[in-house]
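The values are calculated or read from the model by the stated rules, or taken from the named source; none is laboratory data. Given the structure is predicted, the values throughout are model-derived calculations rather than measurements. Counting neighbours? That spans all protein chains shown, and the Cβs are built from the backbone with ideal geometry, glycine included.
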Amino acid sequence: RHILGKTRPTVGLLTIGEERGKGTVVVQRATPLLEASQVNFVGNVEGMDVPLGGVDVAVTDGFTGNLMLKLSEGIGDLVRVTLREESLRDPMSTLGALLMRPAMGRVKKRWDYRQYGGVMLLGVRGTVAIGHGRSDAQAVVSMIDVACRAAELDLVSAIERGVAEATLHAEQAASLQPDESSEHTARADRSTNPAPVEA
């Protein structure tokens with residue numbers, strides 16, 4: 001909301017299928033928590049939905065997310081190498097590649113992680129941006145730009161307010177739920193101490 005300007009970003013839970021109940025125990029337990037939260041949760045999403053922009057935010061654990069990012073980088077490199085090889089296979093393909101050069105340049109720019117630099121590190125009371133291990137000078141400059149925008153928007157305070165609001169919402173929702181332990185105790189009392197029967 002604060003960095004990208006999306007007032008109500010869509011949030012999806014990354015798993016192996018769109019159906020409820022798909023995925024690991026951690027994913028299954030995360031589903032009701034996201035449903036009860038105030039975020040714009042749209043349900044489960046699969047890996048193929050993420051690069052196509054199916055949701056604004058894909059929730060996953062760090063291990064799975066890192067694997068997906070690295071796999072996406074590899075696929076991007078594979079596409080680039082394959083296009084270069086095929087464009088040199090015959091004169092007609094080479095001519096077509098020359099005509100497509102401006103468009104391919106724009107595609108390369110859109111896919112270049114250096115344009116985005118890095119992301120904010122959550123869980124730290126301060127403005128910290130992290131980037132790719134192989135970040136070059138251009139990526140570092142973009143990362144500094146991201147950090148500057150986060151500082152100007154006071155992103156840390158915004159996250160703290162969001163967490164506090166979400167916690168309050170969860171506590172209020174929990175207080176409205178019936179006390180199952182009390183009901184269970186009442187049922188047990190009735191079974192052990194039945195009401196007297198009038199003669």
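A few notes on this one:
- Among the residues here, GLY23 does not qualify as modelled with pLDDT of 90 or more and surrounded by 15 or more Cβ atoms within 10 Å (Cβ to Cβ).
- Conditions (1) over 30 Å from ALA147 (Cβ atoms); (2) exposed (fewer than 14 other Cβ atoms within 10 Å of the Cβ); (3) in contact with a helix residue (DSSP H, G or I) (Cβ under 8 Å, 6 or more places away or on another chain): number failed by ALA97: (2)
- Test: residue in region 165-178 that is modelled with pLDDT under 85, surrounded by 11 or more Cβ atoms within 10 Å (Cβ to Cβ) and not aliphatic (A, V, I, L, M): yes
- Residue list for region 3-17, restricted to those being surrounded by 14 or more Cβ atoms within 10 Å (Cβ to Cβ) and more than 23 Å from GLU171 (Cβ to Cβ): THR10, GLY12, LEU14, THR15
- All told, ASN44 meets the bar of being touching a Leu at 6+ places or on another chain (Cβ under 6 Å), under 30 Å from ILE16 (Cβ atoms) and surrounded by 13 or more Cβ atoms within 10 Å (Cβ to Cβ).
- Selection over region 36-61 of residues that are of a type in the set (Val, Ile, Thr), out of contact with any Gly (no Cβ under 9 Å at 6 or more places or on another chain) and over 19 Å from VAL25 (Cβ atoms) gives a count of 1.
- Here CYS148 passes the criteria (1) surrounded by 13 or more Cβ atoms within 10 Å (Cβ to Cβ); (2) assigned to a helix (DSSP H, G or I); (3) at pLDDT 75 or above; (4) of a type outside the set (S, T, N, Q) except the one numbered (1).
- Region 124-160 - residue that is out of contact with any strand residue (DSSP E or B) (no Cβ under 6 Å at 6 or more places or on another chain) and of a type in the set (Val, Ile, Thr) and, of those, farthest from ARG114 (Cα to Cα): ILE159
- Every listed requirement among (1) under 21 Å from ASP61 (Cβ atoms); (2) at pLDDT below 85; (3) not β-branched (Val, Ile, Thr) is met by TYR116 save one, (1).
- Options THR82, THR64, THR94; residue that is part of a helix (DSSP H, G or I), under 27 Å from THR24 (Cβ atoms) and modelled with pLDDT of 90 or more: THR64
- The residue pairs whose first member lies in region 1-18 and is among the small types (Gly, Ala, Ser), whose second member is surrounded by 13 or more Cβ atoms within 10 Å (Cβ to Cβ), and whose beta carbons are closer than 6 Å, counting only pairs six or more residues apart or on different chains, are GLY12/VAL42; GLY12/VAL45; GLY12/VAL55; GLY12/ALA58.
- Among residues of region 9-59, those that are under 14 Å from the mean Cα position of the chain (by Cα) and in a loop (DSSP other than H, G, I, E, B), counted: 11
- Residue match in region 90-107 (condition: touching a residue at least 60 places away in the same chain (Cβ under 8 Å) and out of contact with any Phe, Trp or Tyr (no Cβ under 7 Å at 6 or more places or on another chain)): no
- Taken over region 103-145, the criterion of being outside any helix (DSSP H, G or I), under 22 Å from GLY74 (Cα atoms) and of a type in the set (A, V, I, L, M) is satisfied by VAL119, ILE130.
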